[in-house]
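S.K.: I am attaching a structure below and will ask some questions about it afterwards.
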Amino acid sequence: MSNTAPIPTSSAAPDKQERSSSALVRTFNRIPKAYILRRILTAIPTMLVIITIAFFMMRAAPGNPYSTDRKLTPEVEANLRANLGLDKPLHEQYFEYLGNVVQGDLGPSMKNKDKTVSELIGEGLPVSLTIGAWSITIALFAGVGLGVIAAIRQNSAADYSAMSLAMIGISIPTFVTGPFLSLVFGVWLGWFAAGGLDLGRMNFNNLFLPILTLALPQVAIISRLMRASMIETLRSNNIRTARAKGLSETRILFRHAAPAAILPVVSYLGPAIVGVITGSVVVERVFGLPGVGASFIDGAITRDYTRVMGTVILYGGLIILFNLIADILYAVLDPRVRYE
Amino acid sequence: MTLASAPIERQQTLELAARKGRSLWDDSRRRLLSNKAAVASMIVLGVLVLIALIGPILWPHGYEHQYRDRLRIGPTLENFHLLGTDIYGRDMVARIMMGLRISLAVGAIATTVSLVIGVTWGAVAGFVGGRTDQLMMRTVDVIYAMPFIFFVILMTVVFGRSIFLIFLAIGAIEWLTMARIVRGQTLAIKEKEFVEAARAAGVGPWGIITRHILPNLLGPVAVYVTLTLPIVILQESFLSFIGLGVQEPLTSLGRLISDGQRELSDPWMLFGPAATMVLTLFCLNFIGDGLRDALDPKDR
């Protein structure tokens, strides 16, 4: 972060150097470092707000969140409270919790006494990360590809069928496509596993349908975004100039149009991650996968406050992180935007 | 027609046009009505709303009545179980109609909540401007970055599951985009020449808001309301699907789909609710798209 020190001059400096230095240096200079720093600094309070709301919401719960159904003697209860730190003043508990969260300790699970929340989440992470990462990757490639094809063949049969598919993908929610895919390809055709997963053996057969279910709505949204933006870009002046210069159509498409047209997709990255996380909660339930989402629902139904709270904080952190990445990518990719 | 009569006729047309001008709204209505998908969707949605309202009253089976001797019956004309019965022997048609009623009610109420909060917030921020605007929109930005649906889940865990809470909570999430749209529009409109002209002609701020800004906001707001409805219905269904929304014996489409997907060997329990849900969402999306094209033709 040392190169961000001369914040006031960072916007003026690149222009001077741009003529004399190499392409790499030019790209580096173009990165709006002050903006990125500011963007990171605003992400921290947002994260704090999430943790704070989660903490005080839990404390606002009727009764003691750690109370059990059994009647305890006052002595035992006092010991229990002291053990969990509940006898301290509220602000001390808050800062203690905050400190623990920063270190990755989300406290003990209330219903699963022998495990901590971090352990419970950690058990689910491999599955959730696998299906999440694959579906985002598939969504990006398939969505961008379909969008570009639809745009260059605008109003053709290919365009209409791609966009009808997109409309279907947007209108039909994950909790409908999931059971259907499971029924058709799992139960009826028997091509893939209809559900269930042995944690040690994550394989194509088990994970294909969940990943497909999770990716479909994102493919739909991204292809629509890409199509609209590509159509607009192909009509712009610089593309007309490129055509007039006699560049080949492929070069125009890949060097000139696509990089400019992909920007709306980049800014969609944040909402996409929200969609995938929400979707993963559904998909893991439909296909019976032991992921973070399934553990989250489990915690919510058994009223395991600490587990639900920890997962909300994790999800919040992920969403903020991806929004941050999207914004930074956008700032780096789009030279037109000046972040002052 | 002779040469002499032509100007007169033209003048008559002009007078007619002056008397009954073709407003922006007339144009929009005509564009909307020429959109076949949107018109068909409006008809289907109208029928669905009607079914949701009066269907449960007219249907011979009650939605919570359990026929102990008719568990898991497939679609049949016998005893009028057109879409079969569920694992407790309750008639699926009756349950779907009830589920549709709840889902549509959640959609309508939560959208109204989001409409009221969003328009007020956005219009105030846009019209007052300056530091107030900055503060209000920063707040929106911060809330926007939060995993709100998960907070709703946290809320249901902490405060218990009540359908009323769900109405409020979902409405309270969805106002953010509305506020942004309204603020952007207000900012743009208040700098327009016709507002300046009105100001120059001595119209007060209240007159400018009601006569010039609000009517121009109506278009984008109407479009966004139709787009919010399916989102809100989806969110309620999501909550019900994972078991945190509407509780038994009351039901919603999401809840029915959730029950159905557990019984994949008897797939009619999934088909009925899923088809109803998808049909409703399709209609709302087509109407939203049609409305957007009709009100903002340059965005096609």
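S.K.: Anything in the stretch B:126-161 that is hydroxyl-bearing (Ser, Thr, Tyr) and within 13 Å of another protein chain (Cβ to nearest Cβ)? List them, or say none.
M.R.: Selection gives B:Thr139, B:Tyr144, B:Thr156.
S.K.: Now for a separate question. Mind checking whether some residue in the stretch B:206-219 is surrounded by 20 or more Cβ atoms within 10 Å (Cβ to Cβ) and in a loop (DSSP other than H, G, I, E, B)?
M.R.: no
S.K.: Could you pull out the residue among A:Ile301, A:Ile297 that is in contact with a Lys or Arg (Cβ under 9 Å, 6 or more places away or on another chain) and farther than 16 Å from A:Leu129 by Cβ?
M.R.: The conditions single out A:Ile297.
S.K.: If you check A:Thr52 against the conditions, is it at pLDDT 80 or above and either open to solvent by less than 60 Å² (accessible area, probe 1.4 Å) or out of contact with any helix residue (DSSP H, G or I) (no Cβ under 7 Å at 6 or more places or on another chain) (or both)?
M.R.: Judged against the criteria, A:Thr52 is a match.
S.K.: So A:Tyr315 fits all but one of (1) under 18 Å from the mean Cα position of the chain (by Cα); (2) closer than 14 Å to A:Ile222 by Cβ; what number is the exception?
M.R.: Result: A:Tyr315 passes all but (2).
S.K.: For the stretch B:157-168, what are the residues that are in a helix (DSSP H, G or I) and open to solvent by 10 Å² or more (accessible area, probe 1.4 Å)?
M.R.: Within the stretch B:157-168, B:Phe159, B:Ile163, B:Phe164, B:Leu165, B:Phe167, B:Leu168 qualify.
S.K.: Still on this structure, I have one more. Looking only at the stretch A:145-187, filter to residues that are hydrophobic (A, V, I, L, M, F, W, C), facing chain B (nearest Cβ under 9 Å) and part of a helix (DSSP H, G or I); which one of those is farthest from B:Gly260 (Cα to Cα)?
M.R.: Within the stretch A:145-187, the match that is farthest from B:Gly260 (Cα to Cα) is A:Met167.
S.K.: Ok, one more. Taking the residues in the stretch B:109-132 that are of a type in the set (A, V, I, L, M, F, W, C) and open to solvent by 50 Å² or more (accessible area, probe 1.4 Å) as candidates, determine which candidate is nearest to B:Leu253 (Cα to Cα).
M.R.: By that ranking, first place goes to B:Ile109.
S.K.: Considering only the stretch B:229-262, how many residues are over 21 Å from B:Phe151 (Cα atoms) and of a type in the set (A, V, I, L, M)?
M.R.: Of the residues in the stretch B:229-262, 4 are over 21 Å from B:Phe151 (Cα atoms) and of a type in the set (A, V, I, L, M).
S.K.: How many residues does the stretch B:50-65 hold that are open to solvent by 40 Å² or more (accessible area, probe 1.4 Å) and touching a Pro at 6+ places or on another chain (Cβ under 9 Å)?
M.R.: Summing the residues that are open to solvent by 40 Å² or more (accessible area, probe 1.4 Å) and touching a Pro at 6+ places or on another chain (Cβ under 9 Å) in the stretch B:50-65 gives 2.
S.K.: Among the residues of the stretch A:127-146, how many are over 14 Å from the mean Cα position of the chain (by Cα) and open to solvent by less than 60 Å² (accessible area, probe 1.4 Å)?
M.R.: 5
S.K.: Here's something else I'd like to know. Among the residues of the stretch B:261-270 satisfying the criterion of being more than 9 Å from chain A (Cβ to nearest Cβ) and part of a helix (DSSP H, G or I), which is most open to solvent (accessible area, probe 1.4 Å)?
M.R.: The residue in question is B:Trp268.
S.K.: Another question about this same structure. Within the stretch B:24-41, which residues are open to solvent by 100 Å² or more (accessible area, probe 1.4 Å) and either under 20 Å from B:Leu217 (Cα atoms) or charged (D, E, K, R) (or both)?
M.R.: If the condition is that a residue be open to solvent by 100 Å² or more (accessible area, probe 1.4 Å) and either under 20 Å from B:Leu217 (Cα atoms) or charged (D, E, K, R) (or both), then B:Leu24, B:Trp25, B:Arg29, B:Arg30, B:Lys36 are the ones that fit.
S.K.: For the stretch B:225-237: of the residues being farther than 21 Å from B:Phe159 by Cβ and either at pLDDT below 85 or among the β-branched types (Val, Ile, Thr) (or both), which is surrounded by the most Cβ atoms within 10 Å (Cβ to Cβ)?
M.R.: Here the residue is B:Ile233.
S.K.: Let me ask another. Kindly provide the set of residues from the stretch B:272-295 that are aliphatic (A, V, I, L, M), in contact (Cβ under 8 Å) with a residue 40 or more places away in the chain and either within 9 Å of another protein chain (Cβ to nearest Cβ) or in contact with a Gly (Cβ under 8 Å, 6 or more places away or on another chain) (or both), ordered by number.
M.R.: Matches in the stretch B:272-295: B:Met277, B:Leu281, B:Leu284, B:Leu295.
Every residue, every condition in (1) open to solvent by 50 Å² or more (accessible area, probe 1.4 Å); (2) more than 14 Å from chain B (Cβ to nearest Cβ), yes or no:
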position	(1), (2)
A:Ile222	no, yes
A:Ala228	yes, no
A:Ala257	no, yes
A:Ile277	no, no
A:Ser280	no, no
A:Phe287	no, no
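S.K.: From the set of residues in the stretch B:137-156 that are among the hydrophobic types (A, V, I, L, M, F, W, C) and touching a residue at least 40 places away in the same chain (Cβ under 8 Å), which is surrounded by the most Cβ atoms within 10 Å (Cβ to Cβ)?
M.R.: This residue is B:Ile153.
S.K.: Another one. Among B:Ser258, B:Ser240, B:Ser252, which is the only one that is facing chain A (nearest Cβ under 8 Å), touching a Ser or Thr at 6+ places or on another chain (Cβ under 7 Å) and crowded, with 22+ Cβ neighbours inside 10 Å?
M.R.: Being facing chain A (nearest Cβ under 8 Å), touching a Ser or Thr at 6+ places or on another chain (Cβ under 7 Å) and crowded, with 22+ Cβ neighbours inside 10 Å holds for just one of B:Ser258, B:Ser240, B:Ser252, which is B:Ser258.
S.K.: Provide a single number: the residues in the stretch B:38-80 that are out of contact with any helix residue (DSSP H, G or I) (no Cβ under 9 Å at 6 or more places or on another chain), among the charged types (D, E, K, R) and within 28 Å of B:Cys283 (Cβ to Cβ).
M.R.: Looking only at that region, the number is 0.
The values are calculated or read from the model by the stated rules, or taken from the named source; none is laboratory data. Computed from a predicted structure; not experimentally measured. Using ideal geometry, Cβ is built from the backbone for each residue, glycine included, and neighbour counts are taken over all protein chains shown. Just the protein is used for accessible areas: all its heavy atoms, side chains included, with ligands, DNA and RNA removed. Shrake-Rupley method; radii C 1.70, N 1.55, O 1.52, S 1.80 Å.
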